[in-house]
Amino acid sequence: MTSQQIPQRRIGRTDLEVPVICLGGNVFGWTVDEANTLALLDRSVELGLTFIDTADVYSRWVPGHTGGESETLIGKWLAKSGKRDRVVIATKVGMDLGLSAKHIQQAADASLQRLQTDYIDIYFSHKDDEATPLEETLAAYAKLIDQGKVRYIGASNYKGERLRLALNTSRNNSLPAYILLQPHYNLLERADYESDLAPVVKEFGLGVVPYFALAAGFLTGKYKSADDAKDKARGGMVGKYLNDRGFAVVRALEEIAEATNSKPAHVALAWLIEQPGITAPIASATNLDQLEDLVKAAQLKLDAAALDKLNKVTAAA
């Protein structure tokens, strides 16, 4: 299987093209060790999954970790493989210490060192920082772009009003503008994105890479009861879906998966790919079989009846 078989999309109004699935790097250094991370990244490039998302705080939630573990493993792979020019790397700043100019510069240099690269393709504001003037944050990104350390910038976890304000600030002050939004969006989490953020995306022509595209694994269909969530790495994240609403959505996914000779996860990702303005859902893989599944999801085309069924069950749920 080659990269030519995975559809590509431009990010927003840029000339940067990426596959329609973004490989989530949050598992690297968490549920995937170093050897398996390197193997997964090697195979991901072979398959054409060349868009990789990480952050400077991954995986600080693991006991003994302080953040940066995912970037470090990706950096080891980049140094070993020599494939930097074949991948698009996105990482993030500002989850803990905000988006001041000083912190952005320091964090970018630290990320570049861990990633063992000279540049970051897309540098995300990990969350909004209302305590720092938008002009200061955007000017800091302008400096990084001028230095050749960053190509483009993106925003994650922003509200629509603040995102629009940031984009207008860029426009009015001739500063770099966010080209890509990373929101929480999936079949079970539709309302906030569709009502608040989608209008801004459309107005400014942004690309969109949703995280938790599979609702922390719930939309794979592997959780049938609360007992199934015990002793799993993401078990605590799916508790709010273990109800009639969540199970109705999973049943619809299973029915469509059976009809299309696929899996519920393929269908859930394919639905996202078909939504207006979406560039590439973010999904992680902890083994080679799951990596192959992401390629199948990228290739799956849902017909109008399947899309309508999912829209109805999630709207009513």
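Every test in (1) touching a residue at least 40 places away in the same chain (Cβ under 8 Å); (2) β-branched (Val, Ile, Thr); (3) surrounded by fewer than 20 Cβ atoms within 10 Å (Cβ to Cβ) is passed by residue 66 save one, and that test is (1).
Residue-level check: of (1) touching a strand residue (DSSP E or B) at 6+ places or on another chain (Cβ under 8 Å); (2) under 30 Å from residue 72 (Cβ atoms), residue 142 misses just (1).
Residue by residue, here is whether (1) in a loop (DSSP other than H, G, I, E, B); (2) crowded, with 23+ Cβ neighbours inside 10 Å; (3) of a type in the set (Val, Ile, Thr); (4) at pLDDT 95 or above holds:
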{"site": "4", "(1), (2), (3), (4)": "no, no, no, no"}
{"site": "9", "(1), (2), (3), (4)": "no, no, no, yes"}
{"site": "18", "(1), (2), (3), (4)": "no, yes, yes, yes"}
{"site": "23", "(1), (2), (3), (4)": "no, yes, no, yes"}
{"site": "35", "(1), (2), (3), (4)": "no, no, no, yes"}
{"site": "40", "(1), (2), (3), (4)": "no, yes, no, yes"}
{"site": "44", "(1), (2), (3), (4)": "no, yes, no, yes"}
{"site": "52", "(1), (2), (3), (4)": "no, yes, yes, yes"}
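Of all residues in segment 281-315, those that are touching a Lys or Arg at 6+ places or on another chain (Cβ under 7 Å) and either of a type in the set (S, T, N, Q) or crowded, with 16+ Cβ neighbours inside 10 Å (or both) total 3. Residue-level check: of (1) buried (at least 23 other Cβ atoms within 10 Å of the Cβ); (2) touching a His at 6+ places or on another chain (Cβ under 7 Å), residue 95 misses just (1). Applying the criterion of being without any contact (Cβ under 8 Å) to a residue 24 or more places away in the chain and closer than 26 Å to residue 257 by Cα to the residues of segment 164-215, the residue that is surrounded by the most Cβ atoms within 10 Å (Cβ to Cβ) is 193.
Taking segment 274-317, which residues are assigned to a loop (DSSP other than H, G, I, E, B) and among the small types (Gly, Ala, Ser)?
Taking segment 274-317 first, the residues assigned to a loop (DSSP other than H, G, I, E, B) are 274-281, 284-287, 300-303, 317.
Result: 277, 280, 284, 285, 317.
For segment 245-255, does any single residue satisfy the condition of being under 20 Å from residue 31 (Cβ atoms) and surrounded by fewer than 21 Cβ atoms within 10 Å (Cβ to Cβ)? No, the conditions are met nowhere in segment 245-255.
In this structure, residue 224 does satisfy being part of a loop (DSSP other than H, G, I, E, B), more than 15 Å from residue 281 (Cβ to Cβ) and at pLDDT below 95.
The values are calculated or read from the model by the stated rules, or taken from the named source; none is laboratory data. Here the structure is a predicted model, which is why all the values come from computation and not from measurement. Glycine gets a Cβ as well: all are built from the backbone with ideal geometry, and neighbour counts include every protein chain shown.
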